[in-house]
1. Sort out for me the strands (runs of 3 or more DSSP E) sitting completely within the range A:715-782 that have 3 or more residues that are over 26 Å from the mean Cα position of the chain (by Cα).
2. Within the set of pairs 6+ apart or on separate chains, which have a first residue in the range A:25-44 that is more than 18 Å from A:Met585 (Cα to Cα) and part of a loop (DSSP other than H, G, I, E, B), a second that is among the aromatic types (Phe, Trp, Tyr) and open to solvent by less than 20 Å² (accessible area, probe 1.4 Å), and C-beta atoms under 7 Å apart?
3. Here are some conditions: (1) open to solvent by 10 Å² or more (accessible area, probe 1.4 Å); (2) touching a Ser or Thr at 6+ places or on another chain (Cβ under 7 Å); (3) more than 7 Å from every other protein chain (Cβ to nearest Cβ). B:Tyr159 meets all but one. Which one does it not meet?
4. Which one of A:Trp520, A:Trp486 is within 21 Å of the chain's Cα centre (by Cα) and within 30 Å of A:Leu601 (Cα to Cα)?
5. Quick one: would you say A:Val458 is at negative phi and over 18 Å from the mean Cα position of the chain (by Cα)?
6. For A:Asp614, state whether it is surrounded by 15 or more Cβ atoms within 10 Å (Cβ to Cβ) and farther than 18 Å from A:Asn220 by Cα.
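The values are calculated or read from the model by the stated rules, or taken from the named source; none is laboratory data. For clarity, every value in this text was computed on a predicted model and none was experimentally measured. With ideal geometry, Cβ positions are generated from the backbone for all residues, glycine too; neighbour counts draw on all protein chains shown. Keep in mind that these areas ignore ligands, DNA and RNA; they rest on the heavy atoms of the full protein, side chains included. Shrake-Rupley method; radii C 1.70, N 1.55, O 1.52, S 1.80 Å.
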Amino acid sequence: MAYKRNVDRLPIVPPDAEELNVVCHFCIVGCGYKAYVWDANREGGPKPEQNKFGVDLTRQQEANTAAWYAPSMYNIVKKDGRDVHIVIKPDANCVVNKGLGSIRGAKLGEYCYSTVTGTQTNRLTDPLVWRYGQMQPTSWDDALDLVARVTARVIKEYGWDGVFVSAYDHGGAGGGYENNWAIGKLYFQSMQVTNIRIHNRPAYNSEVHSSRDMGVGELNNAYEDAELADTIVAVGTNPLETQTNYFLAHWIPNLRGETLDKKKRLMPDEPHEPARIIFIDPRRTVSVNAAEAEAGKDRVLHLAIESGTDLVLFNALLTYIYDQGWIDREFIEKHTVGFEKGPQEVPMYPARADSGEFAERWPGLDEVIREIRTSPEEAAKICGVPAEDIVKAARWIAEPKAGGYRRRTMFGYEKGIIWGNDNYRTIAALVNLALATGNIGRMGGGCCRMGGHQEGYVRPPYPGGRPAPYVDKLLIEGKGAVHHIWGCDHYKTTLNATEFKRVYKKRTDMVKDAMNAVGWADRERLVDAIMWAIRQGGLFAVDVDIKPTMIGEACHVVLPAATQGEMNLTSMNGERRMRLSEKYMDPPGQAMPDCLIVARLANHLERVFREMGDNEMADRFKGYDWKTEEDAFMDGYHKHAPGGQYVTYERLRKMGTNGFQEPAQGVDEEGRIIGTPRLYADRKFSTPDGKARFMITKWRGLQAPGKEEQKRRYKFLINNGRANHVWQSWYYDVDHPLVMDRWPWPFLEMNPEDMKELGLKAGDLVEVYNDAGWTQAMVYPTPTAKRGETFMLFATPRGVQGNVVNDGVNELVIPNYKQTWANIRKLADAPTEVAKISFKSKEYKPPT
Amino acid sequence: MTRCRLMVEVGRRQFLRGSLTTATAAAAAAAVGRGAEAAAPRGGAVPDYPRVRLANVRDLRIDEPLEVAYPDEDAPGVLLKLGKRVPGGVGPDGDIVGFTTICPHKGFPLHYVKEERTLDCPGHYSRFDVEAGGQQVWGHATMNLPQYELEVDEKGDIYAVGVDELLYGRLSNVLG
């Protein structure tokens, strides 16, 4: 039987319940929510005057009502030490989600820590330390003293290179401007750490270097542009599952033709139709299916290319559009480097052409075309899609509309090419296409990453170079003495994970064994023992998180963090919309916001260095007298972000769940922050001369080391990614019965004919194995899957896809998760937990 | 496509009428709202569910959805005979199940997809497996599909006596 709560009624929000602004903790879209909080010993009533909504709740409410909440939106939590009811439900007045809640965000209530209802009760409540052979609770001062002493000794003995750091850089929970600033200040200003990596990749690098090098910031449009576009091009993205309410609230209305009035109002001179949409993805996703259901199959083009060949397709599209004369000549001449001989300036590594004069200067568009010229027929051969479909895509992207008006085309891309083959050149090839067709900085345009998390990045400059150190590889090679981990779980979210975990366990066990040999309270000898183990190749590891993690099991100190909702937190979404998500409950136990953990760690480092007699070093750790997260915000964003001087908590609070779009331009007479709906509307790109760059994007096959050979040796593509039910590394979901009931093991979508050949049934557990390692998954029959091409759920607790991703990265250490090949063999029949779940098609069917 | 859009409009304006039209719907309509009595009381915050006769087993044909309503006329639902024993199934063959037909995501009317035995939502593409206790195969709802607790008496009359999740659009499954 599927999981059911047997909840038949919920407490009613009373009229006097406190109402707070909330932005969903999770994906880039940042849906607006409202939290309602009131005392546990009372509730409202069904009459209009008895409830917050002023609605007669004795009646059935209609579809889309704002006067209903699901059990997943409700909980009993502590606020200011008192038990309170809480309801966290989508905000109908938020322009981002327009009242919609995803299966992830609409569970914010149940994701709260509650000792009353028992939800998320394994949250970390106390600092934990490795004492007498197991993790034991202790005080903040005790834990931080040990971390500071070991870290200080490491810095003295190994310099900054002895300190390794893993830290998020995103917005939303486990991030945001407050926490990102704090971590940046500690490691890049007080320290000079270069061996740092980000939560989902093994180095400190941008995921979209090439777009930035071309002068095009990656979040350049407004969500409204998806309502205004003539054509939407979705590359390596599955927005219905991963940017759900952006897709539902902004893309779908355009596909349905519901935004025609708005198009006519805002762009009155030109003809308009409902949008067409092109998906570029080796896999048929539920997004493709939904688009077909709404727009009709004749207005949806799915280019199911061979995995990793996107660049060839983009080069062919650009060549064809150029040859047809459909490029935007005026835009190119005025706002880019032009057609010939770009400026003398060494193009960014690795953009330069493979040889010749382009090592010294940027190319113009004519030069790019000469270097990358690809016909639809040539592309068809490599990409495995018909040449006529490539021509059709080119027409949908750039053929002028009736009356000669330029078509408005929006490009959205994400992990399919970010974690895909030849990241740098592939993204550059897409930006070339968007620039050549004049689609950046105009209504209905944009060339944007779709995004994973929200963003919230303001930090002092990273002191390392480019390419940044490949941190996970260095750890495997025995480098590093102390490892500080902030909200990351490499065990689930790195590549070459089989080997990483083997070595990491060995190195951290060496330190544990040394600690076991010394009494805890004998601090000097304990630190000496740890340092001795480090010299033998050991690694001292400190994990800061909100929940126990897999990598945390290897660590010696685990520190409990507060998350969004338990602190005030600012972030921006995929259209740079910044909001303050307000604190609505107490953190569990002794947990603190990360920014304050940073501050207290810095305080301890200052003290320890002073005790060691090194005042110069101690002074580096001054400036952390923050008492609240707002202090960190004012020290960081307010002082350092572009336009930050206009932004305060008070102003953000007033602007509710709609906030403003960064960067801030000023403040109006009513104290409202004036934002920037669209970047580059003034056509001034992010380069020294304000002109955008083109890049030469030659095809060079599967670029990352080991991929071509892996493809030859193994039978199945192990494509991988996210699913609707799940957020990120499952840190909440692993304890949510609805999610674990649906996906007890990661699914592996597989063509039924392939299953038959391997003697597999639905739900069987299989081993996926190759030269990099092995992992497990649950077979999900998928008739739309191409033969030999599977899709595995990423970052799950019970089968880590990264185990079979080899260590090959691009020149800037961007991982290549998507191009993975492996063999598959049966492990076991479907276990009991699996036997009850549905293996039907995920694709919605319209009524017949 | 056009029909689908219509369904959405229907959902927005008039979802209470339900969306399932079958040959046997008339029989169900006659059954609804008749013979309501109290179901066995439960403890705690569980409301007093009425015991409502929805149909007789003879009214059901395999894969022909029968439109019903429970716990009151404003709560549309469906009875299905599946021809195989399934979770929550009653009747001589353990194959009769009942579900709400209001999507627990945003309240749009679900329709039955016979070929796959799912209830699908034209609002935002969620779908629920009626052979797996209403498990959401894919979708946005934060719950699986509310299923009826059913009883069948010696005459073959099918009664609904409870629901296992909160129904969309009401903060108490039994209004009042």
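1. Numbers: elements: A:716-721, A:747-750, A:765-769, A:774-781.
Counting at least 3 such residues, we get A:765-769.
2. Taking only residues 6 or more apart or on different chains, the pairs are A:Val29/A:Tyr246.
3. Single failed check for B:Tyr159: (2).
4. Numbers: A:Trp520 fails: within 21 Å of the chain's Cα centre (by Cα).
Just one listed residue meets the conditions, A:Trp486.
5. Numbers: at negative phi: yes; over 18 Å from the mean Cα position of the chain (by Cα): no.
So A:Val458 does not fit the description; no.
6. Working: surrounded by 15 or more Cβ atoms within 10 Å (Cβ to Cβ): yes; farther than 18 Å from A:Asn220 by Cα: yes.
In short, yes.
A quick yes/no check of all residues on (1) within 14 Å of another protein chain (Cβ to nearest Cβ); (2) closer than 22 Å to A:Ser307 by Cβ; (3) touching a residue at least 12 places away in the same chain (Cβ under 8 Å); (4) buried (at least 19 other Cβ atoms within 10 Å of the Cβ):
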position: A:Glu767; (1), (2), (3), (4): no, yes, yes, no
position: A:Trp774; (1), (2), (3), (4): no, yes, yes, no
position: A:Thr796; (1), (2), (3), (4): no, yes, yes, yes
position: A:Thr820; (1), (2), (3), (4): no, yes, yes, yes
position: A:Pro831; (1), (2), (3), (4): no, no, yes, no
position: A:Val834; (1), (2), (3), (4): yes, no, yes, yes
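Matching residues to (1) open to solvent by less than 10 Å² (accessible area, probe 1.4 Å); (2) in a strand (DSSP E or B); (3) within 7 Å of chain A (Cβ to nearest Cβ):
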| position | (1), (2), (3) |
| --- | --- |
| B:Val97 | yes, yes, no |
| B:Lys106 | no, no, yes |
| B:Glu115 | no, no, no |
| B:Leu119 | yes, yes, no |
| B:Pro122 | yes, no, yes |
| B:Phe128 | yes, yes, no |
| B:Val137 | yes, yes, yes |
| B:His140 | yes, no, yes |
